[in-house]
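What follows is one structure encoded as structure tokens, with my remarks underneath.
The values are calculated or read from the model by the stated rules, or taken from the named source; none is laboratory data. Because the structure is predicted, anything quoted here is derived from the model rather than measured. Cβ placement follows ideal geometry from the backbone for every residue including glycine, while neighbour counts extend to all protein chains displayed. When the accessible area is computed, the model is the full protein with side chains, heavy atoms only, and any ligands, DNA or RNA have been set aside. Shrake-Rupley method; radii C 1.70, N 1.55, O 1.52, S 1.80 Å.
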Amino acid sequence: MTPPMPNEPIDFSLRYLPREYYVTPNSARVWNYWMGGTDNYAVDREAGDAWARVYPGIRTVAVQTRQFLVRAVRYLAGEVGIRQFLDIGAGLPSMHNTHEVAQAVAPASKIIYVDNDPVVLTHARSLLRNTTAEGVTTYIDADLEDPARILADARNVLNFRRPVAVMLMGIMGHIADADEAVGIIDRLTAPLVPGSFLVVADGTDSGRAHREAAEQYAETGAVAYNLRTVEQLRGYFHGLELVEPGLVPVTQWRPDPVEIGTIEPIAQYGGIGRKP
Ligand SMILES: C[S@@+](CC[C@H](N)C(=O)[O-])C[C@H]1O[C@@H](n2cnc3c(N)ncnc32)[C@H](O)[C@@H]1O
């Protein structure tokens, strides 16, 4: 049996997923809502709207994080020649997913998605399909807090004697402790060969409204998102060489040219680090 589609009335007696998945906002679905997707329920839209009422910039944060992902993956697959991607905190498949962007540039690219959410798992099975005959697209159901397990499973598909790009887009804030977040990244990047990359996008504490919105969200029972300082985010890249222009608002990371107006900085920061 397949799970009910979002926006349909839910019959809890079906028990596809535990009831809490429908009565508590869910990070992947709220993010999908902010990005303009339809894979979300009323509880997610309410939580997303509540955040946006206090901090209206949040929709831009979601959309621009995806734009940054597209530019980062094109850069890595194109200019640098990376062919292996480990995208942890995949989220619900939406437009311009990592495998689509990478395989459009380099058809033989291998992409492993990782997420710990059963909702994401059900969607991933049907939607995260290879876009080329030469490429590989697969999924690991695992927790970011268990890097050893992620790496062990990833070795079944990726060749760790070759460079790998580890991608952590909008997920590190789900780790409550900032030092633990750094430790997890260290464990993920330790076995990578020189010439491998770390890509991170994360929310910064840009003032009272953003903080309040995040606190209010945490009170819904959803897994909290902890906003960090720019300096804390810089710590994620220790031991790595930051690729130009460094750790910057995601809108400022090698933006595509615009014909009219300017590209404004936002509170979501992103960067790419290279293992020397
Ligand atoms: C805000 S969404 C970002 C989705 C996607 N990376 C993007 O940028 O569009 C965060 C994702 O991280 C996942 N996640 C949160 N904590 C996690 C953990 N401890 N282990 C694995 N995945 C986690 C959530 O299930 C969700 O899909």
*Amide H to amide H under 5 Å from Gln84: which residues, 5+ apart in sequence or cross-chain, H placed 1.01 Å off N in plane?*
Lys110, Ala165
_If you roll a 1.4 angstrom probe over the protein chains with everything in place, what fraction of the accessible area of the chain belongs to carbon and sulfur, to the nearest %?_
51
*Amide H within-cut-off set for Leu242, under 5 Å, with H built and near neighbours excluded*: Arg274
*Under-5 Å amide H pairs with Met169, H placed in peptide plane, nonlocal only*: Ile88, Ala201
*Add -39500 (n - 2.57) for each DSSP H run of 4 or more in the chain, then divide by its residues: what number comes out at 222 nm, to the nearest 500 deg cm²/dmol?*
-10000 deg cm²/dmol
*Among Ala152, Gly135, His123, whose Cα lies farthest out toward the positive end of the dipole of the range 122-169, if unit charges sit on the beta carbon of Lys, Arg (+1) and Asp, Glu (-1)?*
Gly135
_Which of the three applies to the range 58-274, rounded, prolate or oblate, going by the alpha-carbon gyration tensor with a ≥ b ≥ c and a/c under 1.5 meaning rounded?_
rounded
*Just order 163-171, 245-253 by mean Cβ neighbour count inside 10 Å, highest at the front, would you?*
163-171, 245-253
*Ordering of 60-67, 213-220, 268-275 by burial proxy (mean other Cβ atoms within 10 Å per residue, highest first)*: 268-275, 60-67, 213-220
